[in-house]
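Enquirer: The structure follows.
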């Protein structure tokens, strides 16, 4: 049986297993050495210095490459390091097409680099077919996509945009952090590069920082690896070892994340304190059919907009016990974030408004706790929200809703 015959779950579990040739260890060893000997003058071994290459990091890179169906992968120190490395593929003076509603950290980096003259950026609404087709009519080096987006869980038609981008001579990068290769493979859909914050679901335990860039061809892999080494953005051996440990349970974790998220989304959808629920797994989501077509699941993130704005957010958050108020996502524990003041605070107010990120928006990273306990927690939180009815001094108390 060849590796190509194996299911993604099997590849993740078996990554690096029985590779130890010294002692026969089942689990691959952790190589913490910062430097490696040459076998002689002018005779370097495969690894000479850990910034440039490390055996433990190689195992993780190979595993991610196999799961994303890529030609090669580069493991970085953080998710933002992965994004930084991928952006080096845009030549000075050339154009980058980026989503107007992307992750706040991505927006900040792209905006800062563009202001310094690293490249030209055009912020595009990739949910509008006419808008992205118009943007591609002018030559660009790179098209940056998020699907689903952070935090509004909007989808883009990856295959269609990749086909149009290839015809115009542009490469496509897809941030696949929210779904991971367990639920979506952008390279299979036609993308050239996939980036991950492995800090999130791939590690899955909120105790490691990391990122990865997976490429569809060897030449791009070499360019990415060169920049990562040159800029000192490669990941550490220990973090790679920990991430590999988390990767082995990715499939089973994502299954439970989704099951819990689906229960949360259904509860929120029918509650009068909630103005809108964002979750592609709901049939009411405007891109539900696209999600079914290009994804193998809907993920563990649910976003909601409270009808009462920021005051309602404060009431909702007061007393939470099972959703910790914190940034990041993808861990076994449930988290809640207020994007406008947390994950997307780096964006200008105008950019947040254009992206649809309002003061009443909350993002839930639904963990692996009991779905029943999480539902009761949400019902109690929504019960603390007092919804003001427009045009009336009357206040509806939803504590018994």
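The values are calculated or read from the model by the stated rules, or taken from the named source; none is laboratory data. The structure presented is a predicted model; accordingly, all values stated were derived computationally and were not measured. Ideal geometry is used to build each Cβ from the backbone, glycine not excepted, and the neighbour counts take in all protein chains shown.
Enquirer: Restricting attention to segment 267-289, and to residues there that are assigned to a helix (DSSP H, G or I) and touching a helix residue (DSSP H, G or I) at 6+ places or on another chain (Cβ under 9 Å), which single residue is farthest from residue 385 (Cα to Cα)?
Expert: Looking at the filtered set, the residue picked out is 267.
Enquirer: Report yes if some residue within segment 141-156 is more than 29 Å from residue 361 (Cα to Cα) and not assigned by TED's automatic domain parsing to the domain that holds residue 303; otherwise report no. Give the steps one after another, and end with the answer.
Expert: So in segment 141-156, the residues more than 29 Å from residue 361 (Cα to Cα) come out as 141-142.
Next cut, not assigned by TED's automatic domain parsing to the domain that holds residue 303 only: 141-142.
Yes, segment 141-156 has at least one match.
Enquirer: Could I ask something else about it? Go through segment 37-76 and count every residue that is crowded, with 21+ Cβ neighbours inside 10 Å and part of a loop (DSSP other than H, G, I, E, B).
Expert: 3
Enquirer: Restricting the search to segment 340-376, which residues are in a loop (DSSP other than H, G, I, E, B) and within 21 Å of residue 258 (Cα to Cα)?
Expert: 366, 367, 368, 369, 370 - these are the residues of segment 340-376 that are in a loop (DSSP other than H, G, I, E, B) and within 21 Å of residue 258 (Cα to Cα).
Enquirer: Please go through segment 198-233 and pick out each residue that is over 19 Å from residue 185 (Cβ atoms), surrounded by fewer than 22 Cβ atoms within 10 Å (Cβ to Cβ) and touching a strand residue (DSSP E or B) at 6+ places or on another chain (Cβ under 6 Å).
Expert: Result: 225, single match.
Enquirer: Another question about this same structure. Which ones in segment 22-36 are on the phi > 0 side of the Ramachandran plot and surrounded by 12 or more Cβ atoms within 10 Å (Cβ to Cβ)?
Expert: Across segment 22-36, there are no qualifying residues.
Enquirer: Take the residues in segment 1-59 that are touching a helix residue (DSSP H, G or I) at 6+ places or on another chain (Cβ under 6 Å) and farther than 16 Å from residue 240 by Cα, then tell me which one is modelled with the highest pLDDT.
Expert: 11
Enquirer: Could you please give the count of residues in segment 77-97 that are over 27 Å from residue 139 (Cβ atoms) and not in a helix (DSSP H, G or I)?
Expert: 2
Enquirer: Kindly establish whether residue 268 is more than 30 Å from residue 307 (Cβ to Cβ) and either buried (at least 23 other Cβ atoms within 10 Å of the Cβ) or not assigned by TED's automatic domain parsing to the domain that holds residue 55 (or both).
Expert: Here the answer is no, as residue 268 does not meet what is asked.
Enquirer: Next up: In segment 157-173, which residues are in contact (Cβ under 8 Å) with a residue 40 or more places away in the chain, crowded, with 22+ Cβ neighbours inside 10 Å and part of a helix (DSSP H, G or I)?
Expert: Within segment 157-173, just 158 meets the criteria.
Enquirer: Sticking with this structure for a sec: Of all residues in segment 98-134, which are in contact (Cβ under 8 Å) with a residue 12 or more places away in the chain, over 20 Å from residue 152 (Cβ atoms), part of a helix (DSSP H, G or I) and in contact with a strand residue (DSSP E or B) (Cβ under 9 Å, 6 or more places away or on another chain)?
Expert: Within segment 98-134, 113, 114 meet the criteria.
Enquirer: In segment 339-355, how many are buried (at least 21 other Cβ atoms within 10 Å of the Cβ), in contact (Cβ under 8 Å) with a residue 60 or more places away in the chain and in contact with a strand residue (DSSP E or B) (Cβ under 8 Å, 6 or more places away or on another chain)?
Expert: Looking only at that region, the number is 1.
Enquirer: Let me ask something else about it. When you scan segment 362-374, do you find a residue that is over 22 Å from the mean Cα position of the chain (by Cα) and at pLDDT below 95, even just one?
Expert: So far as segment 362-374 goes, no, none of its residues is over 22 Å from the mean Cα position of the chain (by Cα) and at pLDDT below 95.
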